[in-house]
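Notes follow the structure.
The values are calculated or read from the model by the stated rules, or taken from the named source; none is laboratory data. Please read all numbers here as calculations on a predicted model, not as lab measurements. In this analysis, Cβ positions are derived from the backbone assuming ideal geometry, glycine residues included, and neighbour counts consider all displayed protein chains. Note: areas computed on protein heavy atoms with side chains; ligands, DNA, RNA excluded. Shrake-Rupley method; radii C 1.70, N 1.55, O 1.52, S 1.80 Å.
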Amino acid sequence: MFKTLREDIDATMARDPAARSRLEVALCYPGFQALLIYRLANAFWRRGFHLLGRFVSQLGRLLTGIEIHPGATIGRRLFIDHGMGVVIGETAEIGDDVTLYHDVTLGGVAPSIDSDSQRNQKRHPTLQNDVIVGSGAQVLGPITVSRCARVGANAVVTKDVAVGTTVVGVPARAVGDQTARREEQDARFLAYGTPTGDIPDPVARALDGLLSEVHSLRAQVRDLENRLGPSADAEESDSEGVPANHKTEANGDGAAEKGKSPC
């Protein structure tokens, strides 16, 4: 137990330059305090004292602003930075060396009706090792965020995220050259799970592709008009060269032959 607590403190100091001592982390960091209370509540939960476990977790929520269900599964060296508003659901699973920022939700998407059929069912996400989830992100449903993935701030994730992938937006989409990003992420820590360089917008990229296609089609139409221009003008001049009364007489004769009025 003491080894686990020491690892949690060391993880905080390794990922937060504002932490200057282990004592400061123990006394002033709500993320560490919430983990400490969670481990106590989880011990009660695993031994069948569910009400006591929930009561202890509610005390932790009141003291730290972080809500961790005692039934959740949390690995080693979890770092919850700032932490206010973090919610971790009952069937959520978190691997080792994961980082969560404030206002992150690991929630479910099951409807509130027929709750009895949903008990003891997987309803919340699984975060594998070395995942970073930025502030305000919502990871919803029984999905898997694979190892070394990055979830950008305020993203809404409802589908599985591949290994080493960075996702941003609503709904969350992968961004950039993922092969290069995996190599880059393996070498450094990505604060808030959000790249600070050039982040290509998938929607803007699609619109740019459509605009390019429109310009190409316009050029093709203009080329066809230039090719057909002389012949089209000749046909138009021939048509205009026919006298109006001749057209009328022709039409009238045709109509008369059929026994109909020219009008």
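A few notes on this one:
- Residue pairs whose Cβ atoms lie under 8 Å apart, sitting 6 or more positions apart in sequence or on different chains, and linking a residue in the range 69-96 that is without any contact (Cβ under 8 Å) to a residue 60 or more places away in the chain to a partner that is of a type in the set (Phe, Trp, Tyr) and part of a strand (DSSP E or B), do not occur here.
- Taken over the range 17-58, the criterion of being charged (D, E, K, R) and without any contact (Cβ under 8 Å) to a residue 24 or more places away in the chain is satisfied by Arg20, Arg22, Glu24, Arg46, Arg47, Arg54.
- Residue within the range 130-151 that is open to solvent by 60 Å² or more (accessible area, probe 1.4 Å) and closer than 25 Å to Val25 by Cα present: yes
- Entirely in the range 1-54, the helices (runs of 4 or more DSSP H) that have 1 or more residues that are among the polar types (S, T, N, Q) and exposed (fewer than 15 other Cβ atoms within 10 Å of the Cβ): 2-15
- Close pairs from the range 131-152: first among the aromatic types (Phe, Trp, Tyr), partner open to solvent by less than 10 Å² (accessible area, probe 1.4 Å) and not in a strand (DSSP E or B), Cβ under 9 Å, at least 6 apart: none
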